1. Starting from a Cα-only point model with no solvent, please compute log10 I(q)/I(0) by Debye for segment 1-90 at q = 0.20, 0.22 1/Å.
2. Of the trypsin sites (Lys or Arg not before Pro) in segment 7-108, which ones lie in a loop per DSSP and count no more than 14 other C-beta atoms within 10 Å?
3. Provide the per residue accessible area, probe 1.4 Å, for segment 12-138, rounded to a whole number of square angstrom.
4. Which aspartates and glutamates have a Cα lying under 19 Å from the Cα of residue 142, excluding residues fewer than 8 positions away in the same chain?
5. Could you tell me which of rounded, prolate or oblate describes segment 80-144, using a ≥ b ≥ c as the square roots of the eigenvalues of the alpha-carbon gyration tensor, with rounded for a/c under 1.5 and, failing that, prolate when a/b is larger than b/c and oblate otherwise?
6. Among the chymotrypsin sites (Phe, Trp or Tyr not before Pro) within segment 60-144, which fall in a DSSP loop and have no more than 16 other Cβ atoms within 10 Å of their own Cβ?
7. Check each of the GluC sites (Glu not before Pro) in segment 16-76 and keep only those in coil by DSSP with at most 16 other C-beta atoms within 10 angstrom; list them in order.
8. Of all the accessible heavy-atom surface of the chain, with the other protein chains kept in place and a 1.4 Å probe, what percent is carbon and sulfur?
Amino acid sequence: MSNDRNTLAIMLFSELLAADHAIRGRLSRVLPKGMEISHFSVLNHLARQKDESSPARLAERFGVTRGAMTNTLNKLEWSGYVHIRPDWDDARRKMVGISPAGRLARDTAVAAITPMINQVVEDLGEEQARAALPILREIRLKLV
């Protein structure tokens, strides 16, 4: 790899990391009190899918360890945002579903972050935002 390509790769990843850091900071400030980004991410995923999910499947989906997902799910269950039950087909596994309180918490979080997200898209411009999506999606898919 040439020096120019190394520099380009480093610049690209530096921008992605800086954007990730900025997004996480802004999201943390507008999410409802006590809700972490990981909590919102799991609730949002469960709200959008129709069926329950296993903790192992959620850990794989979010690219975290099973222990990390168990920790997040325990906090969400303690808050009343998810229901965790045994898998009726395999008692060794558990299944996770979003509760009505979890759906409300997710909807409240979406309402809180929507103005911030819309402002970023407005500042960037709709055309540039649409143009960035396929590139960002391709980068993400190459990294998983």
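1. -1.01, -1.13
2. Counting only loop positions with at most 14 other Cβ atoms within 10 Å, the trypsin sites (Lys or Arg not before Pro) in segment 7-108 are 33, 50, 92, 93.
3. Accessible area per residue, segment 12-138: 69 Å².
4. 15, 20, 60
5. oblate
6. Within segment 60-144, the qualifying chymotrypsin sites (Phe, Trp or Tyr not before Pro) (loop, at most 16 other Cβ atoms within 10 Å) are 88.
7. Loop-located and lightly packed - 36.
8. So the carbon and sulfur contribution to the accessible surface is 57 percent.
The values are calculated or read from the model by the stated rules, or taken from the named source; none is laboratory data. Every value quoted in this text rests on a predicted model; they were computed, and no experiment measured them. No Cβ is skipped: glycine too gets one built from the backbone with ideal geometry, and neighbour counts run over all protein chains shown. Accessible surface is based on the protein model in full, side chains and every heavy atom, while ligands, DNA and RNA are left aside. Shrake-Rupley method; radii C 1.70, N 1.55, O 1.52, S 1.80 Å.
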